[in-house]
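Data first, discussion second: the structure below is written as structure tokens.
The values are calculated or read from the model by the stated rules, or taken from the named source; none is laboratory data. Remember, predicted model here, so these are calculated numbers, not experimental data. So basically every Cβ, Gly included, is an ideal-geometry build from the backbone, and we count neighbours across all protein chains shown.
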Amino acid sequence: MSPVAPRILLAPMEGLADPLMRSVLTGIGGYDWGICEFVRVTASVLPNRTFLRTCPELTQGSRTDAGTPMRVQLLGSDPHFMAANARRLMRHHPAGVDINFGCPAPTVFRHRGGSALLGEPELLHDIVSAVRAMVPVDTPFTAKMRLGIQDDSLAVACAQAIEAGGADELIVHGRTKVDGYKPPARWHLIDKVRQAVRIPLIANGEVWTVDDFKACQAASGCPDIMLGRGALADPLLARKVRGEATGGWAELLPWIATYWFGVRERVLPVHAGGRLKQWLMLLRRHYPEAEALYQQLRPVKGAEEIDAQLLAAGVIPHLPLAA
């Protein structure tokens, strides 16, 4: 019997993988499913428009334009309101529900969200248990965590609390809150967590290449991997891992054009260039052509001038419609 192919998942990335970028990345292909940016839950039940704004895929069967299922992630510290918002979310029939126990952002941490809860395994259990009661058994229910706040001393306790609360699977980012995004990701510590629970684990963190993917699998013991910034730096990575033929920079050019047109439709001209440059800064890690384009556009401020530069460079086939 041939081995089962690994699942490759697209990570939630606040400020990076918005609905437009998710559409582009899943259009390029290779992903089994992904998670949208988090929905922040405080002491209220959010209106439907909040879920739909964060995850517009909910209006099309909780899938991107390419058909990739997108799960909705909730972030908060109050079990009651997390459950109440999960109940409202279920009206929109999400492809799955995820809970964020990993965000290291200072603002989120300061307001007792994301990775701030990793010092309180009992609270993790209570949140997961409360949300589980609102999520039908046929809807995938996951959580995403880091190894801890300052160290991994509570990593196993947190994972076991999440498992006991009723999560179907657990995604573990191989860094602590204090680590932020500084390399390395400690994949071998994910393996320690994996061995302490019965639910499947998915490894995440610092996977930029096919070799990284394989090394992460080996060190973590997890066949399934979630790609974060590595997906933006090389949008062809998921397909490369699968052994598919890819067309390099030439294949990416139409998708860069698609992204730019989408940005021009959605973002004020004064901010549009920043979005494209942000992506190019990651792409240049693997593509010299992205470095050249980034340097060309770096001093350019106005969206209309960027239009002209992209047209002249052959990146876009025509000027976008005025935003």
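Values for this structure:
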{"quantity": "Those helices (runs of 4 or more DSSP H) lying entirely in segment 240-323 with at least 3 residues in contact with a helix residue (DSSP H, G or I) (Cβ under 7 Å, 6 or more places away or on another chain) and under 28 Å from residue 206 (Cα atoms)", "calculated": "248-266, 269-283, 288-297"}
{"quantity": "Any hit, segment 234-244, residues being in contact with a Phe, Trp or Tyr (Cβ under 6 Å, 6 or more places away or on another chain), among the aliphatic types (A, V, I, L, M) and modelled with pLDDT of 95 or more", "calculated": "yes"}
{"quantity": "Residue 94 within 19 Å of the chain's Cα centre (by Cα), surrounded by fewer than 19 Cβ atoms within 10 Å (Cβ to Cβ) and closer than 27 Å to residue 31 by Cα", "calculated": "no"}
{"quantity": "Some residue of segment 223-237 being crowded, with 21+ Cβ neighbours inside 10 Å, assigned to a helix (DSSP H, G or I), on the phi < 0 side of the Ramachandran plot and of a type in the set (D, E, K, R)", "calculated": "no"}
{"quantity": "Condition check for residue 215: over 19 Å from the mean Cα position of the chain (by Cα), of a type outside the set (Ser, Thr, Tyr) and not assigned by TED's automatic domain parsing to the domain that holds residue 306", "calculated": "yes"}
{"quantity": "Extreme residue, farthest from residue 237 (Cα to Cα), among residues of segment 255-300 that are among the polar types (S, T, N, Q) and more than 22 Å from the chain's Cα centre (by Cα)", "calculated": "296"}
{"quantity": "Helices (runs of 4 or more DSSP H) wholly inside segment 1-118 that include at least 3 residues being under 20 Å from residue 237 (Cβ atoms) and touching a residue at least 12 places away in the same chain (Cβ under 8 Å)", "calculated": "19-28"}
{"quantity": "Segment 105-138, subset buried (at least 16 other Cβ atoms within 10 Å of the Cβ) and among the hydroxyl-bearing types (Ser, Thr, Tyr), residue farthest from residue 10 (Cα to Cα)", "calculated": "129"}
{"quantity": "Segment 190-222, residues that are among the aliphatic types (A, V, I, L, M) and surrounded by fewer than 21 Cβ atoms within 10 Å (Cβ to Cβ)", "calculated": "196, 197, 199, 210, 215, 218, 219"}
{"quantity": "Every residue from segment 140-153 that is surrounded by 18 or more Cβ atoms within 10 Å (Cβ to Cβ) and either at pLDDT below 95 or part of a loop (DSSP other than H, G, I, E, B) (or both)", "calculated": "147, 148, 149, 152"}
